[in-house]
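Following: one structure in structure tokens, then a few remarks.
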Amino acid sequence: MDITRNGAQASTPTAAANFVGRARMQPVFAVGSPVRVRGGKVTFEPGARTNWHTHPKGQTIVITDGSGLVQRWGGPLEAVNPGDVVFFHPGEKHWHGAAPTVSMTHIAVVEHDERGVSADWLEPVTDEQYAGK
């Protein structure tokens, strides 16, 4: 058994190249040998969001605080709130982030593929896309 105590790992700013606005990520867990599954707590400031991206093995996010928005390529803009769970299918182009006036925190769970890759980052989400236009 392994126990990782809450707050044992420091949060850091997310990579500016992969996000619009400000967000922070705190590792929560990493399991497997070599590590295959990781979980991280991501907090987005109001209006902040990821770039469009995909995950070779899919991604699950669990909304824990605030209000957010999620969208898959070609799909409608969806509001998410604490307790909501979103699964993005392998290879599904998508983004997620905070609502315009409220921050949002989620736990993100991803699995690395055989190459050790968990995400393929793409172009930024435009203001028009973020507004659902």
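Just so you know, all these numbers are worked out from the coordinates, no wet-lab data involved. Nothing here was measured: the structure is a model prediction, and the numbers come from that model. Cβ sites come from the backbone with ideal geometry, for glycine too, and all protein chains shown count toward neighbours.
Round to the nearest 0.05 the FRET efficiency obtained for E92 and D65 when R0 = 22 Å and r is the Cβ-Cβ distance.
Taking R0 as 22 Å, the efficiency between E92 and D65 is 0.35.
Could you give the spread of the C-alpha atoms of the chain along their three principal axes, from largest to smallest, in whole angstroms?
47, 30, 27
Between L77 and T4, what is 0.36 nm times their sequence separation minus the Cα-Cα distance? Round to one decimal in nm.
22.8 nm
T14's amide H: which non-local residues (gap 5+, or another chain) put their own amide H closer than 5 Å, with H modeled 1.01 Å from N in plane and none for Pro or chain starts?
A23, R24, M25
Where the eigenvalues come from the Cα gyration tensor of the range 1-63, what are the semi-axes √(5λ) of the equivalent ellipsoid, largest first, in whole Å?
22, 16, 10
Give the value in nm², to one decimal: projected area of the alpha carbon convex hull of the range 28-84, averaged over all directions.
The number I arrive at for the range 28-84 is 4.9 nm².
Taking springs between alpha-carbon atoms closer than 10 angstrom, which of P46, P56, P76 fluctuates most in the Gaussian network model of the chain?
Per the Cα network of the chain with a 10 Å cutoff, P76 tops the list.
Simple spin-label model, 7 Å along Cα-to-Cβ: N18 to W121 in nm?
A separation of 0.6 nm, rounded to one decimal place.
With each pseudo-label sitting 7 Å past Cα toward Cβ, what's the Q129-R36 distance in nm, one decimal?
It works out to 3.1 nm between the two label points.
Do you know the relative contact order of the range 44-133, to the nearest whole percent, from alpha carbon pairs under 8 angstrom that are 6+ apart?
Once divided by the residue count of the range 44-133, the mean separation gives 43 percent.
Calculate one ³J(HN,Hα) per residue across the range 10-25 by plugging θ = phi - 60° into the Karplus curve 6.51 cos²θ - 1.76 cosθ + 1.60, and present them in order as whole Hz with x for glycine and proline.
5, 7, 9, x, 6, 5, 4, 5, 10, 9, 9, x, 9, 8, 10, 10
Short version: ³J(HN,Hα) in whole Hz for each residue of the range 95-111, in order, from phi by Karplus 6.51 cos²θ - 1.76 cosθ + 1.60 (θ = phi - 60°), x for Gly and Pro, what are they?
8, 8, x, 7, 5, x, 10, 9, 6, 8, 10, 9, 9, 9, 10, 9, 10
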